[in-house]
Amino acid sequence: MKIAIKIEGLAKLKSAFQEVILATSDFTPSWKAVQKEFFEIEKAQFQSEGASGKSGKWKALSPAYAAVKQRRYGSLPILQREDGLYESLSRQTGDSVYEPKKGELVLGTLDKKATKHQRGGRKLPKREPISITSQQAEKLVEPIKKGLEKKVRKLKL
C-alpha cells in the first residue's frame, strides 16, 4: 500500500518563508523610523535635564559655574551651552552618528563632550545625555515590529 500526499502551493509557501527570513535579517527599511524615535527620546532627555531617562535628573550646576554660564550664555538648560551636543542627538547634523547595517544600527554623536558627560569624571558630574529606559527601548523597537508585520501581511501568510 502506498500513500502519496501532494501539497499545492508548496513553492509559494517556501518563497514566502524565505521573504520572512530575509525580513528578519535585514532591518534597514526600519532604521530611519528608529532614528526618528531616538531623536524624540533625546529631545525629551535634554528638555527634562535627564529626568526622562533611566539615569534620572542630572545633577545641578555648581552655583559658581551657573553664574558664569548665565552671564556668558543666558539661561540655557544643562548640557546646552552651545547646543552642539543637543543638536547632534536630536536631529541629523554633521556630528550625528547614523550607521545603518542589515542587523544593527549605531546612533549617537561625534561631539567629544558626550563621552565626558556620559561617564563623568573627577571634576565633571555624570550627566548621561543618552540614557534609555525600558519603555523608551520598546518605542525604539516599535518601527521594526511594524515593518515585520507589514511584510508578513503583504505575503498573506
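The numbers here are math on the coordinates, done by the rules we state, and not lab data. This one's a predicted model, so the numbers in the text were calculated from it and none came from an experiment. Here the Cβ is made from the backbone with ideal geometry for all residues, glycine too, and neighbour counts use every protein chain on show.
Side notes on the structure shown:
- Only DSSP H runs of four or more residues enter the estimate; each adds -39500 (n - 2.57), and after division by the residues of the chain the mean residue ellipticity at 222 nm equals -16000 deg cm²/dmol.
- Using alpha-carbon coordinates, inclination of helix 63-73 to the longest axis of the chain, degrees: 80 degrees
- Computed from label points 7 Å out along Cα-Cβ, the spacing between Asp26 and Gln92 is 2.0 nm.
- Distance in nm between pseudo-label sites at Ser134 and Ala64 (7 Å out along the Cβ direction from Cα): 4.2 nm
- Restricting the GluC sites (Glu not before Pro) of region 62-155 to loop positions (DSSP other than H, G, I, E, B) with no more than 15 neighbouring Cβ atoms within 10 Å leaves Glu82, Glu104.
- log10 of Debye I(q)/I(0), alpha-carbon scatterers only, for the chain at 0.11, 0.12 Å⁻¹: -0.57, -0.64
- Calculated FRET efficiency for the pair Lys150/Lys6, C-beta based, R₀ 35 Å, to 0.05: 0.60
- Crossing angle, helix 31-47 versus the chain [Cα axis fit, 0-90 degrees, rounded to tens]: 30 degrees
- Relative contact order (%) - the chain, alpha-carbon pairs under 8 angstrom, separation at least six: 30 percent
- Summarising the label geometry, the points placed 7 Å from Cα in the beta-carbon direction at Ser48 and Lys113 lie 2.2 nm from one another.
- In a DSSP loop and with at most 16 other Cβ atoms within 10 Å, the GluC sites (Glu not before Pro) in region 1-64 are Glu8.
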